[in-house]
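Asker: Would you mind keeping the following structure in view while I ask a few things?
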């Protein structure tokens with residue numbers, strides 16, 4: 001998954017697999033999934049993503065490195081009825097990518113890497 005920087009989300013994708021795949025593809029970013037305003041807890045990470053969807057007929061989709069954060073947020077909302085946040089590593093802390101949501105995942109990840117090695 002690291003080379004392709006593509007993450008498939010379908011009816012068999014577990015939350016833990018999604019998070020792990022995202023971390024492998026984008027090591028300087030982190031994704032957090034929210035259901036009804038609450039972060040999906042560690043106890044639910046073994047659930048299939050479609051099981052926690054907030055819509056009746058969830059649909060699969062692909063996350064790619066050249067997609068903007070805002071596009072990915074819309075995909076999760078439209079296809080699963082879920083909210084997400086993507087965080088970028090900045091040294092020992094993380095910042096939410098709200099103000100840079102028009103940047104692609106690859107760009108976000110590259111900025112996180114630059115900051116990490118500049119510190």
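Asker: Which angle from 0 to 90°, rounded to the nearest 10, does the C-alpha axis of helix 15-25 make with the longest principal axis of the chain?
Answerer: 30 degrees
Asker: May I pose another question? For the stretch 64-114, take the alpha-carbon Rg, divide it by the Kirkwood Rh, and send me Rg/Rh.
Answerer: 0.99
Asker: Rounded to the nearest 500, what is the 222 nm mean residue ellipticity of the chain from helices alone, with -39500 (n - 2.57) per DSSP H run of 4+ residues and division by all residues? Please list the in-between numbers first.
Answerer: Values: 4 runs with 41 residues, N = 119.
After summing the helix terms and dividing by residue count, I get -10000 deg cm²/dmol.
Asker: Could you tell me which of rounded, prolate or oblate describes the stretch 1-61, using a ≥ b ≥ c as the square roots of the eigenvalues of the alpha-carbon gyration tensor, with rounded for a/c under 1.5 and, failing that, prolate when a/b is larger than b/c and oblate otherwise?
Answerer: Oblate, because a/c is 1.5 or more while a/b does not exceed b/c.
Asker: Okay, next question. Any idea what angle helix 105-118 forms with the longest principal axis of the chain, computed on alpha-carbon atoms, 0 to 90 degrees, nearest 10?
Answerer: 40 degrees
Asker: Report the relative contact order of the chain, percent, no decimals, based on alpha-carbon pairs under 8 angstrom and at least 6 residues apart.
Answerer: Computed over the chain, the figure is 29 percent.
Asker: Please say if the stretch 6-118 is rounded, prolate or oblate, where rounded means a/c under 1.5 for a ≥ b ≥ c the square roots of the C-alpha gyration tensor eigenvalues, and otherwise the choice is prolate for a/b larger than b/c and oblate otherwise?
Answerer: Prolate.
Where a number appears in this text, it was derived from the coordinates with a stated rule and is not lab data. Just so you know, these numbers come straight off a predicted model, no measurement behind them.
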